[in-house]
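Here's the structure, in structure tokens; my notes come after.
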Amino acid sequence: MLAFSNAKVFDGINNRLTQANVIIDGQRIVSVSDKPVDAGVEVVDCGGRTLMPGLIDAHIHAYFQDMNVSRLQHLPVTMYAHHAANMLGDMLDRGFTSVRDTGGADYGLWLAIQHNLIKAPRLFYCEKALSQTGGHVDMRHQHHHHPHDDHVVLCGCCFANPLGIVVDGVDSVRKVVREQLRRGASFIKFCGSGGVSTTSDPLDSIQFSNDEVRAIVEEVENHLVYCTAHIHPDKALKRAISLGVHCIEHGTLIEADTARMAAEKGTNIVPTLAVIAALAEHGETFGYPKESLEKLDRIKDEAVDRLRHMKSAGVRVGFGTDLIGAIQPMQCIEFGLRSSVFSNFEILNQATAVNAEIIGAKGEIGEIKPGAFADILVVDGNPLENLKLMEDDGAHIPVVMKAGAFHRNRLVQERAPN
Ligand code: ZN
Ligand code: ZN
């Protein structure tokens, strides 16, 4: 047993702080109340600081080591694994106790985290994102042709697409979805439109046929999980929402009527502003391809503004960053980028309880309540009033706890007197 005493609790759900003692037993929270702590229990005195749920980033790529996808695909898998260990450790330092990888992370990485081989947030993974031939995560350059390319599964010893799998046709799509679910994916990601980082697919292209999308939706629903789609342009958003896709990544060029459609259908959207701002600022320096920078120009001034449509329609909006390669350390800029549209409370709610719901872990993480995992931050100050406390890479977060275990504790811990 361990108690956090004298804490002001933000529970992830309500826009207020409540004075309470929070009791942990093993990996879970067992009590949040103003009852005095029992004698003999180990106590961390929060000294009136804010205690809140660990942050959740719903859009990361643990294996996206190089911003240039034509270089990325030729790296050995051991390089991806070490990159992932490094970046996931940094994320935990910043207060992210859970992350959802939307393409790349696999059973092996999840297992390494389960076995405490690396310091990392808890990981939700989908294995590889599905792409049609020539789609957003088909990373082969236009000049690239090799007989092996015709096969769905690429061998990892000579050519390893670390993010995606290329698949075409309803039957093949079903097979790949089932295969990834067999390997423990807790959701399926597919690319429903063109993207920025790949060079050969127009941003406005609609990817996968309606029948292929219906097959994905049916397979995940049969398996009692959900799917999410990478999409930027409005037309592709409308198509995916109408076909029953459960979640959208980016949603960057959404129109007001489409946002209303998403709200009515209960389609979740995870905007990713950090990657857009970071690439606009540093992309050229770090070798982001020219074709990608041109596509970025299309969306970089729109992304923040379109959040207004989501907000006024009442869409369930998650919190994601999508940072890749050398810009990965800029994760915490996502808070500030949202603040011209959303309140501090709304942003903190998105990064905790709302994200938990979107990734299928409602009540397990993202909340401070009895029964939830003890994924806990203690913050120097009140982030509901001052969101900048979350933007400093964990500098104002003296305590980071994941599943009842301290990743960091800079506060005094002592036994409650008899
Ligand atoms: Zn994407
Ligand atoms: Zn992504």
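A short reminder: the numbers here are calculations on the coordinates, not readings from a lab. Treat the numbers as computed from the prediction; the structure is a model and nothing was measured. Quick reminder, even Gly has a Cβ in these numbers, built from the backbone with ideal geometry, and neighbours come from all protein chains shown.
Couple of notes before you dig in:
- D (Stokes-Einstein, µm²/s), Kirkwood Cα radius, the stretch 54-99, 1.002 mPa s at 20 °C: 189
- Cα-based convex hull, the stretch 280-418, per residue volume (Å³, whole number): 150
- Cα-Cα P(r), the stretch 272-353, percent of pairs per 10 Å interval: 17, 49, 27, 7
- Lysines with Cα under 17 Å of Lys119, excluding same-chain neighbours fewer than 8 positions away: Lys402
- Listed by chain and number, the lysines whose C-alpha is less than 30 Å from the C-alpha of Lys311, apart from same-chain residues fewer than 8 away, are Lys8, Lys189, Lys235, Lys238, Lys265, Lys295, Lys300, Lys362, Lys369, Lys388.
- For the stretch 43-147, the share of alpha carbon pairs falling in successive 10 Å distance bins from zero is 13, 40, 27, 13, 5, 2, 0 percent.
- In the chain, the DSSP beta bridges split such that about 45 percent are antiparallel, to the nearest 5.
- Value of [θ]222 nm, deg cm²/dmol, for the chain, DSSP H segments ≥ 4, -39500 (n - 2.57) each, nearest 500: -8500 deg cm²/dmol
- Gyration tensor (alpha-carbon) shape descriptor, the stretch 55-331, a/c threshold 1.5: rounded
- Which of Cys227, Ala129, Val354, positive extreme of dipole for the chain (C-beta unit charges): Val354
- Dipole moment magnitude, nearest 20 debye, the stretch 55-331 about Cα centre, only Lys, Arg, Asp, Glu C-beta charged: 620
- Over the stretch 260-346, Cα pairs under 8 Å with separation of 6+ residues give a relative contact order of 46 percent.
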